[in-house]
Amino acid sequence: MTKHQPWDKVAPVLHAGQRVFGENRVQEAMERWAGPRSEYADLELRLIGPLQTNKAREAVAFFDVIETLDREKLAGVLAEEIQRAGRAPRLYVQVNTGEEPQKAGIAPGEADGFIARLRGEYGLLVEGLMCIPPAEEEPAMHFALLARIAARNGLEKLSMGMTQDFETAIRFGATSVRIGSAIFGERA
Ligand SMILES: *Cc1c(COP(=O)(O)O)cnc(C)c1O
């Protein structure tokens, strides 16, 4: 996760061979990565921040993966933009495992229905699930919950775990972890 990190922190990691990067703002990501993107064919850029529908076109054109599909309206707009662009980023559904009102994501109890509608009504291919557990809670139960929702919906990819809890996340089946400060240092 390179959000809010200066390029002089990011560049050495890119040059050392890391190719998958997460950003949480569409505009910031495009400004930063448009150049490197043309130089590194194997770069994989993931949007791991809230996506407004008016940025969906740019996000579909630019990102390889969008991890924050979190509501019905966005599903509709993404489906349209994917159709229009003839290009489909891989999609993760964000699940609000802690049902926190201030956090984005589909409630766990609504996830099955949402995933079914993405596949049926919207014709979207879903690759996996993503969650950000509540900061003050033991993350293990949230990771376990995400893994259960994925399993019963036939999804193999789980984006979960950050600097503080990635080891637990891996134990519970994370297929990608999102590490920021442990690699790049504290954010500005
Ligand atoms: C910033 C961010 C991370 C990385 O957090 P660290 O604690 O610095 O590893 C992971 N996931 C999301 C969604 C983030 O916004």
Requested in this report: Within region 4-55, list the trypsin sites (Lys or Arg not before Pro) lying in a DSSP loop whose Cβ has at most 14 other Cβ atoms in a 10 Å radius.
Outcome: ARG19
Requested in this report: Could you run the Karplus curve 6.51 cos²θ - 1.76 cosθ + 1.60 with θ = phi - 60° over region 165-176 and give me ³J(HN,Hα) per residue in whole Hz, x for Gly and Pro?
Outcome: 9, 5, 5, 4, 4, 5, 4, 9, x, 4, 9, 9
**Report entry** Dipole moment magnitude, nearest 20 debye, the chain about Cα centre, only Lys, Arg, Asp, Glu C-beta charged
**Finding:** 400
Query raised in the report: How many percent of Cα pairs in the chain exceed 29 Å?
Result: 19
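Rank these for me by crowding, VAL60, VAL20, going from fewest to most other beta carbons within 10 Å.
By the 10 Å Cβ count, ascending: VAL20, VAL60.
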Report task. Under 19 Å Cα to Cα from LYS73, which lysines show up? Leave out anything in the same chain fewer than 8 places away. Result -> LYS55, LYS103
Query raised in the report: Whose amide H sits under 5 Å from the amide H of THR97, counting only residues 5 or more places off or on another chain, with H placed in the peptide plane?
Result: ILE132
**Report entry** Of ALA41, ALA140, ALA174, the one that fluctuates the most in a GNM where the chain has Cα springs shorter than 10 Å
**Finding:** ALA41
Query raised in the report: If packing is taken as the mean number of other Cβ atoms within 10 Å per residue, what is the order of 100-113, 119-132, 62-75, highest first?
Result: 62-75, 119-132, 100-113
Report summary line: Given the candidates ALA182, ILE48, GLY123, the one whose Cα lies deepest towards the positive end of the charge dipole of the chain, counting +1 at each Lys or Arg C-beta and -1 at each Asp or Glu C-beta, is GLY123
Report task. Arrange SER38, SER176 by Cβ neighbour counts within 10 Å, fewest through most, would you? Result -> SER38, SER176
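Where a number appears in this text, it was derived from the coordinates with a stated rule and is not lab data. Keep in mind the model is a prediction, meaning the values are calculated, not measured. All Cβ positions, glycine included, derive from the backbone under ideal geometry; neighbour counts span all protein chains shown.
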